[in-house]
Amino acid sequence: MNRTIRPVSIGLLLGILGLLFGIFWAMYITVNHEKIHAAFSESAGAAKGRLHAPEGHGKDAGESHDHGGSVGHDSGPHAHDSAGAHEGDAAHMTDEKSVDEAAPADMHAHGMKATHNEDPAAAAHERLARGHIHAMGLGILTISVSLVISLTAAPNTLKTLASACLGVGSLLYPFAWIIMGYRTPSIGVEAAQESVFLIAAVSIALVLAGLFICLFYLLKGMVGGGESA
């Protein structure tokens with residue numbers, strides 16, 4: 001192997017592996033699109049069912065029974081008072097409903113937008129696809145920057161370190177998107193994003209470290225000259 005390329009061979013290898021992974025991952029999610037989407041939809045439906053499980057039916061039934069009993073026993077002057085109270089309650093509930101229905105219009109008039117709940121199944125599949133996109137892009141970045149830093153005057157140890165940081169970070173980041181995609185239907189869009197924060201942060205830090213090392217020695221070579229180690 002060429003002496004110039006040898007120090008960054010680890011980065012070149014990891015970059016090529018990233019490209020291969022991106023290609024095969026795209027093939028996998030394309031071939032199994034329907035199966036993956038069906039599984040995500042089922043998982044999202046189950047999670048939504050657990051979140052919106054009805055509660056308090058027994059209490060409502062008991063209250064209905066009590067109201068029914070009290071109506072049956074009301075008589076005389078108190079019956080008119082009770083009827084008036086029920087009419088007042090109905091009017092009050094109607095007023096509250098009118099206020100609630102008018103609220104979105106008022107909010108829109110004041111420039112406030114309602115929160116849009118993204119479909120977890122669709123978001124999950126999109127995140128899997130982004131795993132492919134990032135794998136391809138970062139793989140090319142790793143190979144390119146590794147070749148550039150191999151031509152600088154940086155010590156061989158730093159060349160190897162920079163290319164390794166780029167390679168490892170570029171492989172970790174797409175996996176963060178894929179893990180996030182698989183977790184999205186069951187725990188939600190935002191929770192899935194938070195669950196991979198550490199992986200994404202570490203991978204971004206590694207890529208930036210490799211880029212900064214390369215940038216430093218490029219600028220140093222432009223300003224002070226020097227030959228490659």
Taking H as built 1.01 Å from N, whose amide H comes closer than 5 Å to the amide H of residue 154, not counting residues under 5 places away?
229
Explain nothing, just compute: Karplus ³J(HN,Hα) = 6.51 cos²θ - 1.76 cosθ + 1.60, θ = phi - 60°, for every residue of the range 120-133 in order, whole Hz, x for Gly and Pro.
x, 5, 5, 5, 5, 5, 4, 5, 5, 5, 5, x, 5, 4
At most 15 other Cβ atoms within 10 Å and a DSSP loop assignment: could you name the GluC sites (Glu not before Pro) in the range 115-200 that fit?
118
Computed over the range 135-229, Cα set: Rg, Dmax in Å
16.5, 56
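Each value in this text was obtained by applying a stated rule to the coordinates, not by laboratory testing. In this text, all values refer to a predicted model and were calculated from it rather than measured experimentally. Quick reminder, even Gly has a Cβ in these numbers, built from the backbone with ideal geometry, and neighbours come from all protein chains shown.
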